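Inspection log for the structure reproduced underneath, given as structure tokens.
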Amino acid sequence: PNHSGGQNRMAKIPHAQTRRSRARPAPTEGPGPAAQLAGLLASDPYLRPYADRLKNLFSRIAAREKILRRERTALTLAHDFFGLHKKGNEWIFREWAPHAAAVYLIGDRTNWKPHSAWALAPTADGVWEIRLPAESLAHGDLYRLFLEWPGGSGDRIPAYARRIVQDPVSRIFNAQVWTPSAYVWRYAAPPPPAPLLIYEAHIGMAQEEGRIGTYREFAERILPRIVRSGYNALQLMGIQEHPYYASFGYHVSSFFAASSRFGTPEELKELIDAAHGARLFVIMDLIHSHAVGNDVEGLSRFDGTSDLYFHAGRRGFHEAWGSRCFDYGKAGVLRFLLSNCRFWLSEYHIDGFRFDGITSMLYRDHGLGKTFTSYDDYFNANVDEDALVYLALANRVVHSVRPRALTLAEDVSGMPALALPAAKGGIGFDCRLAMGIADFWIRLMSDFRDEDWPMERLWYELTNRRSDEKTVSYAESHDQALVGDKTLIFRMADAAMYGHMSLCDPDPITGRAVALHKMIRLITLATAGHGYQNFMGNEFGHPEWIDFPREGNGWSYAYARRQWHLADDPDLKYALLGRFDRDMIALARRSNFLADPRPRLLHERDDHKVLVFQRGRLIFSFNFHPTASYPDYAVATPPGAWRMILDSDDAAYGGHARLFAGQVHCTLPVLAGQTVRHELRLYLPTRTALVLELQS
């Protein structure tokens with residue numbers, strides 16, 4: 001669309017300002033729309049009725065890709081052009097504000113008042129610029145912008161600012177001049193892990209004390225825990241600067257600034273460097289689905305207009321989230337967001353991104369309260385094709401700058417082809433998150449008694465995914481426990497957790513919760529597509545919910561921390577849950593059973609509450625029945641000797657020790673009609689999961 005006010009025109013960025021970019025690889029030209037369409041229809045014939053719409057989408061992506069290749073500097077290195085930069089003996093500051101009539105730098109050096117000597121001059125295409133002698137600004141100085149526009153004026157934090165700090169007394173946010181010595185990286189990033197085992201973490205709430213944690217504390221105290229747990233990827237949440245801590249980092253105000261409430265940019269780099277040294281792949285939660293609605297701290301009415309970066313009118317406001325919605329059809333928005341992708345890869349050596357809130361981006365109604373039951377839901381007027389084009393370009397940029405980077409799509413709608421490469425007609429994500437699984441576990445606990453859990457439906461929900469797209473599964477993430485919700489184990493045990501988690505306490509409520517917690521996590525991992533994710537603390541059954549300090553709870557940090565002492569106490573059941581999780585993750589890494597594309601169901605019996613399936617050289621057996629144990633339970637399996645290598649009922653994991661560790665089961669030939677099948681005869685105790693490995 002041709003938007004007014006110069007918003008669709010690209011600022012001319014001189015080549016001399018971006019000389020370093022010439023050594024960078026340019027986004028490569030992808031396959032043409034016809035080839036993309038053919039590849040996609042070959043993988044999913046049900047898409048044939050929508051061929052014309054898909055071809056039009058691919059044509060739009062191809063057209064934008066041509067612009068991306070031609071104007072790579074302007075579209076992906078805008079962060080090196082806009083904002084504050086020291087070049088030789090002068091400071092250069094640029095900002096994009098096409099509706100502004102005047103723009104001033106204000107701050108410590110101007111007594112926070114606009115002065116003509118600090119006025120920016122308009123150049124072209126809505127870009128304002130000022131050049132100042134090197135002595136005009138010093139490391140640590142605070143600054144912001146003062147803009148005038150027809151009918152008004154106001155202070156603004158620069159859009160491309162890389163360092164934002166909050167005054168501890170006035171609580172006011174300002175940009176800060178930040179010119180330390182260049183950080184010297186010590187470690188190269190590890191290759192993308194296989195299997196992908198993600199430890200999702202939040203820096204601020206990672207500490208035990210009731211306060212905000214820091215990057216350095218995380219590196220010193222939490223990284224060793226993650227390494228010991230066996231996870232091979234670290235996913236950092238809430239890193240982009242956000243004015244309201246209780247938003248969990250989802251209401252981003254400054255997209256190029258690492259949150260200063262956790263420390264300095266160098267301390268974040270130290271953390272990422274240390275993670276790389278520990279062979280952890282570092283993924284960042286990237287919020288490009290919306291922005292904070294604040295005017296001064298954010299982008300909402302940056303130059304006096306409400307639609308500089310966002311949709312005009314009601315469409316520019318996310319009523320459910322209280323935030324602003326980007327207009328992905330605008331060149332200025334593409335420039336801002338694509339540069340943001342590149343910035344975090346190059347400046348902070350991030351290894352990949354979890355793109356948050358994609359469902360909200362893809363649909364004009366944000367997919368709220370909607371059940372996606374038909375392919376028609378993905379190809380109608382409700383779909384924002386500009387958002388799809390942006391996501392395709394973002395993946396091209398990320399994988400061009402960092403070929404081994406990983407991108408994950410957080411989409412609950414099931415939009416086809418999100419996690420397919422462009423050559424096959426996809427948007428280009430490496431993986432998609434299986435968000436429905438976590439929601440299903442909650443529904444199962446809420447809607448069914450234990451003895452009524454439907455095995456067929458459980459199997460369907462755990463394995464229902466597009467075979468041509470990679471997925472990451474999880475039993476619960478931060479989403480399932482935020483703001484008054486509960487973790488899975490707290491849903492099952494509730495108040496009993498406060499007094500009955502001692503090893504010597506036979507309380508049946510916590511006993512049930514501990515047994516099912518292990519089974520739920522193991523079966524979610526064992527049936528996962530290509531990866532598995534855990535939120536910090538959930539591996540040992542962290543109790544209660546997550547609630548950040550806010551007016552409604554008296555600004556308390558009681559629920560915005562992690563109680564690591566629970567996992568460290570050998571007399572509590574938490575320690576045994578943590579041990580089970582470590583052994584479960586170690587098994588996944590050692591055997592790499594996720595390399596087998598899909599689990600193969602061997603046995604499912606609803607009245608027994610038993611599920612048995614094979615993956616690679618492993619057989620997983622689950623008896624969810626709350627009261628019935630089964631001796632000599634017959635299961636048809638491939639022939640051979642199978643050794644039990646994991647038993648959730650082991651005393652080491654808080655179980656009842658009803659099985660002998662390491663026992664070997666040999667299949668027996670059984671005549672079935674005119675054929676012979678092979679069966680294992682297993683003892684399946686109540687609420688127990690077993691893993692057996694085929695012996696060579």
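The values are calculated or read from the model by the stated rules, or taken from the named source; none is laboratory data. Quick caveat, the model's predicted, so the values are computed rather than measured. Because the Cβ atoms are built from the backbone with ideal geometry, glycine has one as well, and the counts that use them run over all protein chains shown. Please note that ligands, DNA and RNA were not included when accessible areas were found on the heavy atoms of the full protein model with its side chains. Shrake-Rupley method; radii C 1.70, N 1.55, O 1.52, S 1.80 Å.
Could you calculate, for the range 174-246, the ratio of the Cα radius of gyration to the Kirkwood radius, expressed as Rg to Rh?
Ratio value, two decimals: 1.01.
I want to check the label-to-label distance for K113 and W555. Put each point 7 Å from Cα in the C-beta direction and report it in nm to one decimal.
3.2 nm
With the calculation restricted to Cα positions, what are the radius of gyration and Dmax of the range 253-398 in angstrom?
For the range 253-398, the Cα-based Rg and Dmax read 16.7, 48 Å.
Enumerate the calculated ³J(HN,Hα) couplings along the range 540-548 in order (Karplus 6.51 cos²θ - 1.76 cosθ + 1.60, θ = phi - 60°), each rounded to whole Hz, writing x wherever the residue is Gly or Pro.
Using θ = phi - 60°, the values come out as 10, x, 3, x, 6, 10, 10, 8, 7 Hz.
What 222 nm value per residue comes from the helices of the chain, counting each DSSP H run with n ≥ 4 as -39,500 (n - 2.57) and dividing by all residues, nearest 500 deg cm²/dmol?
-7500 deg cm²/dmol
Give a residue-ordered list of calculated ³J(HN,Hα) values for the range 190-197 (Karplus: 6.51 cos²θ - 1.76 cosθ + 1.60, θ = phi - 60°; whole Hz; x for Gly, Pro).
For the range 190-197, the Karplus curve yields x, x, x, x, 9, x, 7, 10 Hz.
Taking only the Cα atoms of the range 32-181, how large is their convex hull per residue, in Å³?
Expressed per residue, the convex hull around the Cα atoms of the range 32-181 is 215 Å³.
Can you tell me how much longer the chain between R53 and L668 gets when fully stretched, taken as 0.36 nm per residue apart minus their C-alpha distance, in nm with one decimal?
215.9 nm
Report, in whole Å, the centroid distance computed from the Cα atoms of the range 110-172 and the range 337-398.
32 Å
Just the projected area, averaged over all directions, of the convex hull on the alpha carbon atoms of the range 138-183: how many nm²?
Average of the hull's projected areas for the range 138-183 equals 4.4 nm².
Tell me which residues come under 5 Å, amide H to amide H, from W149 once H is placed; ignore anything under 5 positions away on its chain.
A101
Relative to the present Cα-Cα distance, how much length would full extension add between R315 and Y375 at 0.36 nm per residue of separation?
19.2 nm is the gain from fully extending R315 to Y375.
For the range 318-376, state the average projected area of the convex hull of the C-alpha atoms over all orientations, rounded to one decimal in nm².
Computed as one quarter of the Cα hull surface, the answer is 5.8 nm².
Which value, to two decimals, describes the C-alpha radius of gyration of the range 422-548 once divided by 2.2 N^0.38 Å?
1.17
Quick one: if the Förster radius is 45 Å, what FRET efficiency do H608 and Y244 give, using the C-beta to C-beta distance and rounding to 0.05?
0.35
With the dipole of the chain worked out from charges on the C-beta (+1 for Lys and Arg, -1 for Asp and Glu) around the Cα centre, which of G152, A417, G213 lies farthest toward the positive end?
The one lying farthest along the dipole's positive direction is A417.
How big is the gap, in Å, between the Cα center of the range 410-488 and the Cα center of the range 43-103?
Rounded to whole Å, the Cα centres lie 31 Å apart.
Taking Cα atoms of the range 164-214, Rg/Rh with Kirkwood Rh, to two decimals?
Dividing the radius of gyration by the Kirkwood radius yields 1.11.
Between E385 and D295, how high is the FRET efficiency from 1/(1 + (r/R0)^6) when r is the Cβ-Cβ distance and R₀ = 30 Å? Nearest 0.05.
0.55
To the nearest 20 debye, what charge dipole does the chain have about its Cα centre, counting +1 at the Cβ of each Lys and Arg and -1 at the Cβ of each Asp and Glu?
It comes to approximately 2240 debye.
Using the heavy atoms of the protein chains and a 1.4 angstrom probe, tell me the accessible area per residue for the chain in square angstrom.
Accessible area per residue: 38 Å².
With the radius of gyration and the Kirkwood radius both derived from the Cα set of the range 503-638, what is their ratio Rg to Rh?
Expressed as Rg/Rh, it is 1.04.
Over all directions, how big on average is the projection of the convex hull of the alpha-carbon atoms in the range 590-685, in square nanometres?
Mean projected area of the Cα convex hull: 7.2 nm².
Using alpha carbons only, how many angstrom separate the centre of the range 582-633 from the centre of the range 239-256?
Going from one Cα centre to the other spans 41 Å.
Once the Cα atoms of helix 573-591 and of the chain are each reduced to a long axis, what angle between those two axes, in degrees from 0 to 90 to the nearest 10, is obtained?
For helix 573-591, the angle is close to 90 degrees.
Place a point 7 Å from the Cα of L601 along the Cα-to-Cβ direction; which residues of the range 431-469 have their backbone N under 12 Å from it?
Answer for this model: 455-464.
With θ set to phi - 60° and the Karplus curve 6.51 cos²θ - 1.76 cosθ + 1.60, what are the ³J(HN,Hα) couplings of the range 93-108 in order, to the nearest whole Hz, using x for Gly and Pro?
Couplings: 10, 9, 9, 9, 8, x, 8, 6, 9, 7, 9, 10, 7, 10, x, 3 Hz.
If all Cα-Cα distances of the range 253-306 are sorted into 10 Å bins from 0 onward, what percent lands in each bin, rounded to whole numbers?
20, 38, 27, 13, 3
Got a number for carbon plus sulfur as a percent of the chain's accessible area, 1.4 Å probe?
52 percent
Please report the Cα spread of the range 657-696 along all three principal axes, rounded to whole Å, starting with the longest.
The Cα atoms of the range 657-696 stretch 40, 27, 12 Å along their principal axes.
What is the diffusion coefficient of the range 534-599 in µm²/s, taking the Kirkwood radius over Cα pairs and the Stokes-Einstein relation at 20 °C with a viscosity of 1.002 mPa s?
152 µm²/s
Could you calculate the FRET efficiency of E209 with L694 from 1/(1 + (r/R0)^6), where r is the beta carbon distance between them and R0 is 51 Å, rounded to 0.05?
Efficiency for this residue pair is about 0.60.
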